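Asks: One structure, as structure tokens, below. Some questions next.
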């Protein structure tokens with residue numbers, strides 16, 4: 001049991017626990033925060049393996065940007081403040097599925113890589129950079145293009161028109177019931193249907 | 001270190017993410033679970049990259065791309081969720097059942 | 001060879017009939033000139049053909065006499081096959097020119113020409129003048145078609161066509177009911193005979209598988225039937241007897257003779273052409289055409305002889321009590337036809353020679369009677385009398401015709417009738433003797449009734465009203481022209497050794513062996529006896545009628561029951577119309593046929609219809625509605641039902657979809673792992 005093994009084990013436990021808590025937490029914000037921990041654990045894994053740059057990029061992007069994004073999303077969709085109601089009725093089935101899947105994967109891993117040794121070498125950032133800009137130049141460039149497109153797309157999707165959207169309700173019972181919007185009938189966003197009769201009070 | 005550890009970690013994260021996708025009601029929570037799955041994939045990639053030990057660092061480069069794409073996906077996904085919320089005043093995905101027979 | 005173009009002989013009158021029908025009224029002479037020109041051209045062509053044919057036959061006879069046994073009698077046969085499909089059933093349009101055909105051409109075209117010229121005078125002023133000439137041309141064509149045909153099918157076509165023309169011409173003045181009745185009677189009676197003709201032709205076809213006359217003759221002579229089977233004489237006799245039934249009808253033999261006297265209702269030129277020289281000779285022509293076939297059946301020949309003999313006496317007796325001059329001639333024609341038919345059963349040459357001579361003098365007599373009728377405007381001899389002075393040409397030509405008919409030498413009738421009797425004598429047996437006796441007695445009766453007619457018409461005082469005068473030139477000249485052959489044509493067949501090989505017998509021979517086997521013979525005592533009988537008849541007639549009593553005192557009409565029987569024509573007409581037609585056909589038979597038709601045949605048809613209806617309904621109900629529609633509907637229902645099951649996959653629940661996705665991926669992974 002060398003140091004890397006120990007560290008890896010610690011990260012595994014931490015990450016696993018927080019991941020489980022993400023999907024089990026009753027409070028959505030708590031879930032988001034647990035997500036942060038889980039992602040940090042992933043970054044830790046990278047560090048142990050030796051991919052430094054990747055670890056810090058993980059922290060930067062995922063923890064820094066993505067989680068913030070998620071928190072903003074929660075906020076904008078009026079995430080309930082208190083505990084949310086129970087999960088979907090499928091959860092038993094989902095549990096079964098994920099357990100079976102895990103068992104299967106684990107079996108496969110142990111059978112295939114049970115004896116494999118992982119060489120721990122630190123990847124120098126310079127080397128990664130060199131490879132990235134020389135060998136992986138094309139995917140790198142298109143990645144930039146792709147990100148631009150995603151940005152533009154997200155903006156278009158989330159743009160708010162005049163008079164759209166439900167009225168904000170500051171009701172304490174909001175945690176257990178859905179917000180009741182006033183019916184609106186002007187909508188110029190293409191592809192949006194407004195069957196008002198489906199919305200129940 | 002045995003390769004099994006990171007790989008098992010990745011499998012664990014993935015399966016937990018699967019549970020979250022299938023079981024959670026709030027759409028944003030589902031998105032978070034998807035992120036978990038993506039992270040698992042990234043770990044796998046890096047691990048195998050290290051095992052393979054190739055000169056062009058395929059595993060890590062790929063992992064970077066996955067990272068970037070995951071971020072973009074979260075952005076667009078949240079956009080969709082916001083739109084859904086605006087039109088339906090709910091992010092409960094059980095209520096998004098217009099495709100039901 | 002000229003005879004290759006012999007098909008023009010019927011074609012010319014056919015064309016002229018068509019032309020007259022379409023354009024006749026526009027011609028200056030209203031179509032008569034077209035008809036006369038066509039027939040004259042046909043007559044010329046017939047003469048040329050006859051010269052060729054007769055010359056060839058005479059040459060063949062001479063060759064045989066000099067030892068060349070390969071010589072054959074003239075036969076030119078050309079045919080056009082009309083059934084391109086082939087197979088066993090062959091219909092052809094062909095010509096068969098031999099001596100008999102050439103002779104008939106001469107007779108038909110010449111008499112037709114005389115009659116057409118005569119008609120320009122007789123029918124002058126008639127409103128249907130052009131139609132009359134069209135019918136005459138059409139008739140001439142039909143008769144020539146019958147003569148020229150090389151297969152029985154064409155003969156049948158010509159036969160029926162002459163029947164139709166006869167009907168149209170007899171009923172020419174159909175405004176009088178008795179004329180149209182006479183036309184129908186003629187048509188139906190001959191049609192009854194035609195049943196026999198068709199049955200006979202079909203039987204012959206069944207036996208020989210061909211309509212071609214030449215092939216039938218050669219098959220019979222070889223003694224085989226179609227396919228080489230031996231000839232069945234019983235069936236052949238049946239075929240020939242049914243054919244003979246057709247001849248009985250067309251040639252007015254007993255018992256189908258009743259139509260001919262009534263047919264005198266037609267215009268006199270029609271009687272002269274059709275009912276003296278041409279159509280009525282079609283039956284005799286048919287037997288002569290198929291002579292070798294008839295020779296193979298002695299039974300048929302015997303029947304022919306008997307019927308002919310009965311007819312000749314019976315009709316002769318009927319001529320004794322007639323008032324209508326045309327009826328006298330009509331019964332005379334029937335009687336002479338009996339002679340011809342009976343003669344054929346003993347001697348080919350006798351039969352057709354008598355046909356030939358009779359054609360001329362009977363046509364002459366009819367045209368003469370037409371001249372008389374035209375003068376006194378009445379058919380009856382009771383309205384005539386003392387016409388010798390006003391109508392000399394008619395008188396003398398009528399006398400010549402009568403003498404020829406009565407068979408006084410040296411006129412034409414003597415030679416031909418003598419040949420008939422000689423043939424009967426040579427034939428022997430019961431039939432031969434029957435013909436001999438009846439023929440002799442008949443000759444006496446013929447002379448008697450012709451003398452009676454002569455005296456009643458031309459001697460004594462004129463009993464009618466008005467002023468009789470001689471006929472116009474158009475009517476006189478044919479009489480004169482016809483008188484020449486009536487008088488002299490007998491000399492072409494002198495029954496003497498020196499004349500035989502170059503005479504009529506040689507001209508019209510159909511087979512050289514037959515010709516050589518039947519040399520001419522002149523039986524002096526027979527000739528003398530028949531002449532004596534004829535003179536006896538003449539003397540008796542003269543004695544009774546010299547003073548030309550009126551018909552009220554006519555001895556023939558005052559013989560009590562005999563007269564009554566004769567006047568009622570042996571009650572045969574009564575038998576046909578009253579007993580057979582009215583009683584059987586109209587009441588019982590017709591009712592039975594009607595019942596059968598209504599209840600049986602119609603019922604079958606009705607049931608077939610109902611059955612079809614039910615079948616249709618059942619098909620609709622079960623096959624279509626339940627079966628096919630069920631299948632189609634079932635497809636829709638099953639699609640609906642399966643869709644109803646599958647729709648649950650569309651739960652609208654995103655997590656359900658995701659779950660399904662993961663399960664699928666898991667399964668694939670499992671498969672990959674296992675593999």
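Where a number appears in this text, it was derived from the coordinates with a stated rule and is not lab data. Everything numeric here is computed off the predicted structure, so don't read it as measured data. As a convention, Cβ positions derive from the backbone with ideal geometry for all residues, glycine included, and neighbour counts pool all protein chains shown.
Asks: How many Cβ atoms of partner chains, on average, are near each residue of C:638-650 if near means within 10 Å of its Cβ?
Replies: 1
Asks: On to the next question. Taking chain C as the reference, fit the longest principal axis to its C-alpha atoms, fit the long axis of helix C:177-208 to the helix C-alpha atoms, and give the angle between the two in degrees, 0 to 90, nearest 10.
Replies: Helix C:177-208 sits at roughly 70 degrees to that axis.
Asks: When the C-alpha atoms of segment C:266-347 are aligned to their principal axes, what extent does each axis show, in angstrom, from largest down?
Replies: 43, 24, 15
Asks: Now for a different question. For chain C, take the longest principal axis of its alpha carbons; what is the angle in degrees between that and the long axis of helix C:654-674, to the nearest 10 within 0 to 90?
Replies: Helix C:654-674 and the main axis of chain C meet at about 90 degrees.
Asks: Quote the relative contact order of chain C in percent (integer), defining contacts as alpha-carbon pairs under 8 Å separated by 6+ residues. Before the final figure, lay out each step's value.
Replies: Details: 1047 pairs, mean separation 83.6, N = 675.
Normalised by residue count, the contact order of chain C is 12 percent.
Asks: Ignoring everything except DSSP H segments at least 4 long, calculate the 222 nm mean residue ellipticity for the protein assembly as shown; use -39,500 (n - 2.57) per segment, divide by total residues, nearest 500.
Replies: Values: 37 runs with 636 residues, N = 977.
Result for the protein assembly as shown, helices only: -22000 deg cm²/dmol.
Asks: OK, next. Taking a ≥ b ≥ c as the square roots of the eigenvalues of the Cα gyration tensor of chain B, is the shape rounded (a/c under 1.5), prolate (a/b larger than b/c) or oblate?
Replies: Here chain B falls in the prolate category.
Asks: What is the Cα coordinate range of segment C:336-567 on the first, second and third principal axes, sorted by size from largest, in whole angstrom?
Replies: 60, 44, 24 Å, listed from the longest principal axis down.
Asks: Let me ask another. In whole Å, how far is the Cα centre of segment A:13-81 from that of segment C:288-314?
Replies: Taking the Cα centre of each part, segment A:13-81 and segment C:288-314 sit 134 Å apart.
Asks: Let me confirm one metric for peptide A:57-67, namely the mean number of other chain beta-carbon atoms within 10 Å of its residues' beta-carbons.
Replies: 4
Asks: Can you classify segment C:268-311 as rounded, prolate or oblate using the Cα gyration tensor, where a ≥ b ≥ c are the square roots of its eigenvalues, rounded means a/c under 1.5, and otherwise it's prolate if a/b beats b/c and oblate if not?
Replies: Here segment C:268-311 falls in the oblate category.
Asks: Moving to a separate point now. Any idea what angle helix C:129-148 forms with the longest principal axis of chain C, computed on alpha-carbon atoms, 0 to 90 degrees, nearest 10?
Replies: Around 80 degrees separate the two axes.
Asks: Using a ≥ b ≥ c from the Cα gyration tensor of segment C:118-257 (square roots of the eigenvalues), is it rounded, prolate or oblate, where a/c under 1.5 gives rounded and otherwise the larger of a/b and b/c decides, a/b for prolate?
Replies: Working: a/c = 3.99, a/b = 2.19, b/c = 1.82.
The shape class here is prolate.
Asks: With the crude spin-label approximation of a point 7 Å out along Cα→Cβ, what separation in nm comes out for residue C:536 versus residue C:176?
Replies: With each label point 7 Å from Cα toward Cβ, the separation is 3.9 nm.
Asks: Just checking the output field for A:125-132: average partner chain Cβ neighbours within 10 Å of each residue's Cβ? Present the calculation step by step, with values, prior to reporting the outcome.
Replies: Numbers: counts 0, 0, 4, 4, 0, 2, 7, 6.
Mean inter-chain Cβ contacts per residue within 10 Å come to 3.
Asks: Separate question: Find the relative contact order for segment A:1-84 and round it to a whole percent, using C-alpha pairs within less than 8 Å whose residues are 6+ positions apart.
Replies: Here the relative contact order equals 32 percent.
Asks: For segment C:426-446 and segment C:618-675, write down the distance between their C-alpha centroids in whole Å.
Replies: Here the two parts' Cα centres lie 107 Å apart.
Asks: Taking the alpha-carbon set of chain C, what are its Rg and Dmax in Å?
Replies: Radius of gyration, then largest Cα-Cα span, for chain C: 35.9, 147 Å.
Asks: At a threshold of 8 angstrom on Cα-Cα distance, excluding pairs fewer than six apart, so keeping six or more, what relative contact order does segment C:336-567 reach in percent?
Replies: On the way: 331 pairs, mean separation 66.5, N = 232.
Taking the mean separation of contacting Cα pairs over the length of segment C:336-567, I get 29 percent.
Asks: State the volume of the convex hull built on the alpha-carbon positions of segment C:177-334, expressed per residue in Å³ and rounded to an integer.
Replies: Spelled out: Cα convex hull of segment C:177-334, divided by residues, is 95 Å³.
Asks: What FRET efficiency, computed as 1/(1 + (r/R0)^6) with R0 = 41 Å and r the Cβ-Cβ distance, is obtained for residue C:594 and residue C:620, rounded to the nearest 0.05?
Replies: 0.65
Asks: Moving on. Using Stokes-Einstein with the Kirkwood hydrodynamic radius over Cα pairs, what translational diffusion coefficient do you get for segment C:599-662 at 20 °C and a viscosity of 1.002 mPa s, in µm²/s rounded to a whole number?
Replies: Translational D for this selection: 133 µm²/s.
Asks: Report the percentage of all Cα-Cα pairs in segment A:1-84 whose separation exceeds 21 Å, rounded to a whole percent.
Replies: The share of Cα pairs beyond 21 Å in segment A:1-84 comes to 35 percent.
Asks: Which distance in Å, rounded to a whole number, links the C-alpha centroids of segment C:7-31 and segment C:90-128?
Replies: 13 Å
Asks: While we're looking at this one, here's another question. Taking the protein assembly as shown on its own, what percent of its Cα-Cα pair distances exceed 54 Å? Intermediate results must be reported in sequence, preceding the final value.
Replies: Working: 239605 of 476776 pairs.
Considering the protein assembly as shown, 50 percent of its Cα-Cα pairs are separated by more than 54 Å.
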